[in-house]
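Trainee: For reference, the structure I am asking about is given below.
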Amino acid sequence: MAMKKQAKKIVASAPGDDFAGLIQSLTHVHEYLKFQAAKAVNINLTLRNWVFGWRIKEYELKGRDRAKYGEGLFAAIAKRLTGLGVPNCAQLQLYRYCRFYLAFPEILGTLYPKLDPSVIFGTVSRKSDFLPARQEKAKVGILHPQSNFLPDKLLSELSYSHLQELSEVEAAT
């Protein structure tokens with residue numbers, strides 16, 4: 001995939017360059033910005049999937065009408081989201097999003113600068129109603145609490161599929 005390639009720095013064409021230099025410069029600009037766009041799409045997809053898992057798990061614990069859905073919650077969510085045209089929301093995928101959230105609760109800190117809080121929290125009256133408890137973070141995350149893990153670095157260096165695989169490994173242990 002293009003994400004695995006190392007991005008080359010943009011090389012600007014100097015005013016006296018020949019045609020071949022211009023073409024090379026434009027090609028470098030194209031490749032670099034294509035790489036950056038793919039990286040941005042992956043980061044946003046990763047954040048979307050994490051928020052889906054987070055909101056579903058929090059709804060299971062605190063949703064006002066959660067008893068109405070019971071064990072059929074994931075099927076109901078999948079049916080409704082698929083009907084609304086939201087991609088990648090099959091029941092199995094929703095379970096994966098939840099495991100991803102549980103494996104990487106630290107990602108919450110990366111959301112604030114990237115998303116409008118009203119998108120994340122919706123119409124919740126208090127943000128703290130939907131924030132994961134600190135003690136839960138320490139015991140469910142797959143990373144050692146003493147690690148020098150930076151969620152932004154993780155998001156920028158690993159694709160969602162890699163992070164999902166890590167969360168699947170954790171769920172199996």
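Trainee: Going by the conditions given, is K79 at pLDDT below 95 and charged (D, E, K, R)? Write out each step before concluding.
Mentor: Details: at pLDDT below 95: no; charged (D, E, K, R): yes.
The answer is no for K79.
Trainee: If the requirement is being more than 18 Å from N49 (Cα to Cα) and either at pLDDT 95 or above or among the aromatic types (F, W, Y) (or both), which of these qualifies: F121, F149?
Mentor: On the way: F121 fails: more than 18 Å from N49 (Cα to Cα).
Going through F121, F149 in turn, just one is more than 18 Å from N49 (Cα to Cα) and either at pLDDT 95 or above or among the aromatic types (F, W, Y) (or both): F149.
Trainee: To continue, here is another question. Go through (1) over 20 Å from L45 (Cβ atoms); (2) at pLDDT 90 or above; (3) of a type outside the set (A, V, I, L, M) for Q91 and report which single condition fails.
Mentor: The one condition Q91 does not meet is (1).
Trainee: Just need a number here: residues in the stretch 51-80 that are part of a helix (DSSP H, G or I), free of Cβ contacts under 8 Å to residues at least 40 places away in the same chain and either acidic (D, E) or surrounded by fewer than 17 Cβ atoms within 10 Å (Cβ to Cβ) (or both). I'd like the intermediate steps shown before the answer.
Mentor: First, pick out the residues of the stretch 51-80 that are part of a helix (DSSP H, G or I): 51-62, 66-68, 70-80.
Among the residues that remain, those that are also free of Cβ contacts under 8 Å to residues at least 40 places away in the same chain are: 59-61, 66-68, 70-80.
So of that shortlist, the ones also either acidic (D, E) or surrounded by fewer than 17 Cβ atoms within 10 Å (Cβ to Cβ) (or both) come out as 59-61, 66-68, 70-72, 75-76, 79-80.
Within the stretch 51-80, residues that are part of a helix (DSSP H, G or I), free of Cβ contacts under 8 Å to residues at least 40 places away in the same chain and either acidic (D, E) or surrounded by fewer than 17 Cβ atoms within 10 Å (Cβ to Cβ) (or both) number 13.
Trainee: If I ask for residues that are surrounded by 15 or more Cβ atoms within 10 Å (Cβ to Cβ) and either modelled with pLDDT of 95 or more or polar (S, T, N, Q) (or both), which ones from the stretch 38-47 would you list?
Mentor: Result: N42, T46.
Trainee: Would you confirm whether any residue within the stretch 100-110 is over 16 Å from S161 (Cα atoms) and of a type in the set (D, E, K, R)? Quick ask: steps written out before the conclusion?
Mentor: Just the residues of the stretch 100-110 that are over 16 Å from S161 (Cα atoms), to begin with: 105-106, 108-110.
Subset that is of a type in the set (D, E, K, R): 106.
Within the stretch 100-110 (the criterion being over 16 Å from S161 (Cα atoms) and of a type in the set (D, E, K, R)), the answer is yes, since at least one residue qualifies.
Trainee: Can you name every residue in the stretch 160-173 that is among the hydroxyl-bearing types (S, T, Y) and modelled with pLDDT under 75? Steps first, please.
Mentor: Narrowing the stretch 160-173 to residues among the hydroxyl-bearing types (S, T, Y): 160-161, 167, 173.
Hit for the stretch 160-173 is T173, nothing else.
Trainee: Taking R96 as the residue in question, decide whether it is under 24 Å from S159 (Cα atoms) and modelled with pLDDT of 90 or more.
Mentor: Working: under 24 Å from S159 (Cα atoms): yes; modelled with pLDDT of 90 or more: yes.
Considered against the rule, which asks whether it is under 24 Å from S159 (Cα atoms) and modelled with pLDDT of 90 or more, R96 comes out as yes.
Trainee: Okay, next question. Do you know which residues across the stretch 152-168 are touching a residue at least 12 places away in the same chain (Cβ under 8 Å) and either exposed (fewer than 14 other Cβ atoms within 10 Å of the Cβ) or not in a loop (DSSP other than H, G, I, E, B) (or both)?
Mentor: First, the residues of the stretch 152-168 that are touching a residue at least 12 places away in the same chain (Cβ under 8 Å): 152, 154-156, 159-160, 163-164, 166-168.
Answer for the stretch 152-168, where residues must be touching a residue at least 12 places away in the same chain (Cβ under 8 Å) and either exposed (fewer than 14 other Cβ atoms within 10 Å of the Cβ) or not in a loop (DSSP other than H, G, I, E, B) (or both): D152, L154, L155, S156, Y160, L163, Q164, L166, S167, E168.
The values are calculated or read from the model by the stated rules, or taken from the named source; none is laboratory data. Quick caveat: nothing in here was measured; it's all calculated off a predicted structure. Virtual Cβ from ideal backbone geometry, glycine too; neighbours counted across all protein chains shown.
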